[in-house]
Amino acid sequence: LTGNGSLNSGGVSLENSLLAIGTAGILSLNFEGASGATDFVDPHNVNVWGSIELSAAASFNSAGLNVGSGGNISGYGIVSTVYDGTVDQLTNDGTIESTAIPGPSSSNVLEIDASINGTGILAINAQPGFGTSVLQIDPTQTALVNGVEQDVVSVQGQTIQFISNEPS
């Protein structure tokens, strides 16, 4: 989807009905021009065995997210499981990868707003001639826990991987 685009079937938008992305499936969210960023908000827990590709500050927000083995989320933008005021779980058993676009001065941030568990990989992919690639796990939400405001983001069971595609 590009800009403020939408996809409907039988009068129901994809945003209100997406439950899973199969192994061959790709949901590509892209911002182009002045039409506004692509913000995909799904009220369901979404299972990803295929791919979600984010670019140019697009965002994917769902009420829970499961990235299965072989599943992939990549690019730059925002991935969030904060839905309707509730922070839901992001289970990553696949790969979540921050990637940069061409341009030595560009800065590309993939921000995750969720508690992350599972056995997957969190990757930062740096390529020569591309801008900075950043994986940011930074809560924008807080929760009242035993009367004290606390951050709601945590990371458990993940492998951090730094990828450098230097020419040989």
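The values are calculated or read from the model by the stated rules, or taken from the named source; none is laboratory data. Keep in mind the model is a prediction, meaning the values are calculated, not measured. For neighbour counting, all protein chains shown are included, and Cβ atoms are generated from backbone atoms with ideal geometry for every residue, glycine included. These area figures cover heavy atoms from the full protein model, side chains too; ligands, DNA and RNA do not enter into them. Shrake-Rupley method; radii C 1.70, N 1.55, O 1.52, S 1.80 Å.
Which pairs do you get when a residue that is closer than 15 Å to LEU90 by Cβ, found in region 141-168, comes within reach of a residue that is open to solvent by 80 Å² or more (accessible area, probe 1.4 Å) and modelled with pLDDT of 75 or more, reach meaning Cβ atoms under 6 angstrom, with the pair 6+ apart or on two chains?
If the second residue must be open to solvent by 80 Å² or more (accessible area, probe 1.4 Å) and modelled with pLDDT of 75 or more, the pairs left are GLY157/THR119.
Quick test of your reading of the structure: GLY85 fulfils all but one of (1) free of Cβ contacts under 8 Å to residues at least 12 places away in the same chain; (2) over 20 Å from VAL41 (Cβ atoms). Name the failing condition by number.
With respect to (1) free of Cβ contacts under 8 Å to residues at least 12 places away in the same chain; (2) over 20 Å from VAL41 (Cβ atoms), GLY85 is out only on (2).
Hey, can you tell me all the residues within region 61-94 that are in a loop (DSSP other than H, G, I, E, B), in contact with a strand residue (DSSP E or B) (Cβ under 8 Å, 6 or more places away or on another chain) and more than 15 Å from SER51 (Cα to Cα)?
Those that are in a loop (DSSP other than H, G, I, E, B), in contact with a strand residue (DSSP E or B) (Cβ under 8 Å, 6 or more places away or on another chain) and more than 15 Å from SER51 (Cα to Cα): ALA63, GLY64, THR81, ASP88.
Output the residue which, of all residues in region 1-52 that are over 25 Å from ASP84 (Cβ atoms) and not in a loop (DSSP other than H, G, I, E, B), is modelled with the highest pLDDT.
Checked region 1-52; the qualifying residue modelled with the highest pLDDT is SER51.
So SER98 fits all but one of (1) modelled with pLDDT of 85 or more; (2) open to solvent by less than 60 Å² (accessible area, probe 1.4 Å); (3) not in a strand (DSSP E or B); what number is the exception?
(3)
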